[in-house]
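Here is the structure we will look at, set down as structure tokens.
The values are calculated or read from the model by the stated rules, or taken from the named source; none is laboratory data. Predicted model, so just to flag it, every value in this text is computed and none were measured. Positions of Cβ are generated from backbone atoms using ideal geometry, with glycine treated the same way; all protein chains shown enter the neighbour counts. Side chains included, ligands, DNA and RNA excluded: accessible areas come from the protein's heavy atoms. Shrake-Rupley method; radii C 1.70, N 1.55, O 1.52, S 1.80 Å.
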Amino acid sequence: SVWTPLSPSQFLRRQQVLQLYRKILRAIREVPAEADRHYLKDWAREEFRRNKDATEEDAIRMMITQGNMQLQELQRTLRLAKS
């Protein structure tokens with residue numbers, strides 16, 4: 001396949017996706033149980049891999065929003081577990 005440069009909006013979207021992925025992996029590192037950590041890491045990796053070829057702007061925006069909500073939910077759960 002021929003490589004085509006990303007448009008500015010695609011570039012920004014890609015940065016958002018990568019940033020979200022890193023934040024999710026960072027949050028998962030805080031999960032106390034190793035089995036849960038392993039499961040969540042596989043789930044996150046698979047989820048991002050499954051959607052890596054998405055090109056529809058609205059769909060990508062929606063996935064980023066959903067990912068951020070799942071990240072917040074995980075962070076909330078971790079905070080509650082520590083308190």
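Ranking Leu20, Ala54, Val31 by Cα position along the charge dipole of the chain, where only Lys, Arg, Asp and Glu carry charges on their C-beta atoms, puts Val31 farthest toward the positive end. Each Lys and Arg Cβ is given +1 and each Asp and Glu Cβ -1; about its Cα centre, the range 11-83 then shows a dipole of about 360 debye. Rg and Dmax of the chain, both derived from C-alpha coordinates alone, stand at 14.6, 52 Å.
Of the residues Arg13, Arg45, ranked by 1.4 Å probe accessible area with the largest first, the sequence reads Arg45, Arg13. Surface composition of the chain: carbon and sulfur make up 55 percent of the accessible area, probe 1.4 Å. Principal-axis analysis of the Cα atoms of the chain puts helix 34-50 at an angle of about 10° to the longest axis.
Averaged over its residues, the chain has an accessible area of 81 Å² per residue, based on protein heavy atoms and a 1.4 Å probe. Overall shape: oblate for the range 37-83, with the ratio a/c of the largest to smallest alpha carbon gyration tensor axis at 1.5 or above and b/c at least equal to a/b. Result for the chain in a Gaussian network model with C-alpha springs under 10 Å: among Ala54, Ala27, Ala44, the largest mean-square fluctuation is at Ala54. Using C-alpha pairs below 8 Å separated by at least 6 residues, the relative contact order for the chain is 40 percent. Computed from the C-beta positions of Arg14 and Arg79, the FRET efficiency with R₀ = 30 Å rounds to 0.50.
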